[in-house]
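Following: one structure in structure tokens, then a few remarks.
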Amino acid sequence: MDVQKKTDGSVNIIGEVATDPVASWMIQSAQVASKFTLFTHHAKTFPDLVTALRNSMLRAGVFKDEKTAEEQVVQVLNFDIHLVKDFRGRRYIERVTECIPVEDKNEYTFDHRKEKTLEGKMDKFIDNATVFFTKSTNRELFKHRNVLEYHDGTYILTNPISEHNIKEMRNNMDDSDVAGFDDFLQRNWGIKVTSERDEKEETPTVQANAEPKKRGRKPKNAVQA
């Protein structure tokens, strides 16, 4: 793993992340050692997967704070492909879940400067304090939603893929795959992706046959109509 960090690794496949050291290596490889990492885990739900990996990071001593450890886990979990085995022995993909990290936005205001009374300033201060304590105690680090679900023998598309992951997926496809993927997005979710090349083509350009008018005599080699 240390050698691969210094090479151009594309895909890391880690079978069965079941111990704390392996979980730590998986998170580290997904961040710096390859384009993406595949691994298996036996979590029953997506929140359980995040919690299990977070606890492994804490027990391994990589992080001391739960929120920081969970942030690192959420950043590397793009999609969870959950497989199940029913009592008949059938194995199938039950759902595909996308992880969407929640960005920490600055929601504080400076409206207290506009207030003329001390009471008004205290009200604005309490509003900012409420936002601060909410972020400190009940901060939401990620959202998860199912992209694909299995129901009664058929697969149903439920929620569209996020804009960020669509962009990352297209950047790692060749032209034929991009065309097929764009058609898939348009047919199923009505998402029309505009590439940078298309945006450049939409900009107004000067026509090639638009020549400026010149004064004076016609050139000798000009052909009369």
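The values are calculated or read from the model by the stated rules, or taken from the named source; none is laboratory data. Here the structure is a predicted model, which is why all the values come from computation and not from measurement. Quick reminder, even Gly has a Cβ in these numbers, built from the backbone with ideal geometry, and neighbours come from all protein chains shown.
A few comments on the model shown:
- Answer from T109, T97, T134 - the residue that is among the hydroxyl-bearing types (S, T, Y) and assigned to a helix (DSSP H, G or I): T134
- Residue selected from the range 12-31 under the condition crowded, with 16+ Cβ neighbours inside 10 Å and not in a helix (DSSP H, G or I), by the criterion modelled with the lowest pLDDT: N12
- Against the conditions (1) crowded, with 17+ Cβ neighbours inside 10 Å; (2) modelled with pLDDT of 90 or more; (3) over 18 Å from the mean Cα position of the chain (by Cα); (4) in a helix (DSSP H, G or I), N55 satisfies every one except (1).
- Flag if T68 is among the β-branched types (V, I, T) and at pLDDT 90 or above: no
- Selection of the range 138-170 for residues being at pLDDT 90 or above, more than 11 Å from the chain's Cα centre (by Cα) and part of a loop (DSSP other than H, G, I, E, B) yields T158, N159, P160.
- Number of the condition not met by K64 [criteria: (1) touching a helix residue (DSSP H, G or I) at 6+ places or on another chain (Cβ under 9 Å); (2) of a type outside the set (S, T, Y); (3) surrounded by 14 or more Cβ atoms within 10 Å (Cβ to Cβ)]: (3)
- Per the conditions (1) farther than 30 Å from V17 by Cβ; (2) assigned to a loop (DSSP other than H, G, I, E, B), the sole criterion not satisfied by K121 is (2).
- Residue list for the range 32-52, restricted to those being closer than 19 Å to K143 by Cα and surrounded by 15 or more Cβ atoms within 10 Å (Cβ to Cβ): A43, F46, L49, V50, T51, A52
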